[in-house]
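Taking it in order: structure first as structure tokens, then the write-up.
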Amino acid sequence: MTHTTLSIALVGLVVVGLVALAFPGATLAQQATTATVEAESTDPGVSTTHVVVVPIDENTTGDVQGLRIDYGDADVDTREIDDNRIEEFGIDRDGDEPGDAVDVRLDDDITDIESEDDGRVLSVEVQGGRSARVGDEVVLSYRIENPPVAGTYDVNVTYNPRTVAAQAVAELRVGDAPATSEPTPTFTPSPTPTATPTQTPTATPTPEPTPTPEPTVSPTTVPTGDATTAETADPATAATTETESPGFGVVGALVALTVLSGVLWRRGRRGERR
């Protein structure tokens with residue numbers, strides 16, 4: 001390396017050192033921080049409050065000088081934001097206050113409120129003199145209209161843009177549906193009523209008529225020797241009885257013959273006597 005080249009390099013290092021001492025924030029321009037942007041009402045297109053919160057770390061301690069909020073493609077208009085629409089601006093010590101509550105108010109120290117880039121960018125500056133330390137949060141809230149379409153939008157937040165210029169990308173959520181050309185309606189299906197089963201009446205079988213039994217004729221007991229018994233008797237038995245015992249007519253004929261023989265015998269005896 002020649003003497004001339006070495007001299008130029010040393011001069012360059014001295015210049016960079018002087019710039020770093022004169023503008024300490026320039027060395028932190030590439031430092032990133034975290035930030036959040038939340039809408040109190042997430043309904044698309046409504047007028048609501050947006051709350052911007054920037055946590056303070058080792059790279060962002062010192063005087064609070066301002067915030068720059070770039071909504072990008074979120075389709076919002078910051079041109080109507082003025083002192084009357086700023087609701088809160090200040091420092092939340094230790095970051096323990098809810099919502100946009102602060103411990104040190106900075107809204108009376110605001111020196112400029114500007115809308116840039118056709119209303120997409122909001123810039124708020126203060127005069128300085130109020131320091132934020134590690135663990136604190138810088139809070140800014142204001143009235144604005146939500147994007148007309150539901151979705152999640154990237155919002156670029158720059159803390160102390162004139163000095164530290166610490167940048168972060170926050171998400172603004174609007175509605176419940178993803179970003180589309182038009183909100184997609186959500187339909188809740190109506191519950192389908194449970195059909196009550198119709199009971200089919202069970203047919204009661206008609207009993208078949210029970211036939212009335214014919215009365216059983218009990219045979220009348222007939223005294224022995226009666227003519228009815230002879231008529232109801234078995235024909236074979238009756239024939240056998242007539243063969244074995246002579247009927248009443250045969251006995252009567254024998255008796256008549258005997259009487260006639262006796263009469264004739266008596267007449268014969270009388271004739272002999274004469």
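The values are calculated or read from the model by the stated rules, or taken from the named source; none is laboratory data. Please read these numbers as outputs of a predicted model, since none were measured by experiment. Quick reminder, even Gly has a Cβ in these numbers, built from the backbone with ideal geometry, and neighbours come from all protein chains shown. The accessibility values were calculated without ligands, DNA or RNA, using every heavy atom of the protein model including side chains. Shrake-Rupley method; radii C 1.70, N 1.55, O 1.52, S 1.80 Å.
At what distance in nm do the modelled label points of ARG85 and GLU58 sit from each other, each positioned 7 Å from its Cα along Cα→Cβ?
Result for the modelled spin labels: 3.9 nm.
When the accessible area of the range 36-174 is computed with all protein chains present and a 1.4 Å probe, what percentage of it is carbon and sulfur?
Percent of accessible area from carbon and sulfur atoms in the range 36-174: 35.
Looking at ALA168, VAL134, VAL149, which one has the Cα that reaches farthest to the positive end of the dipole of the range 124-179 (charges on Cβ: Lys, Arg +1; Asp, Glu -1)?
Of ALA168, VAL134, VAL149, it is VAL134.
Per residue, what volume in Å³ does the Cα convex hull of the range 36-174 take up?
91
For the range 36-174, what does the accessible surface come to per residue with a 1.4 Å probe? Please give it in Å².
45
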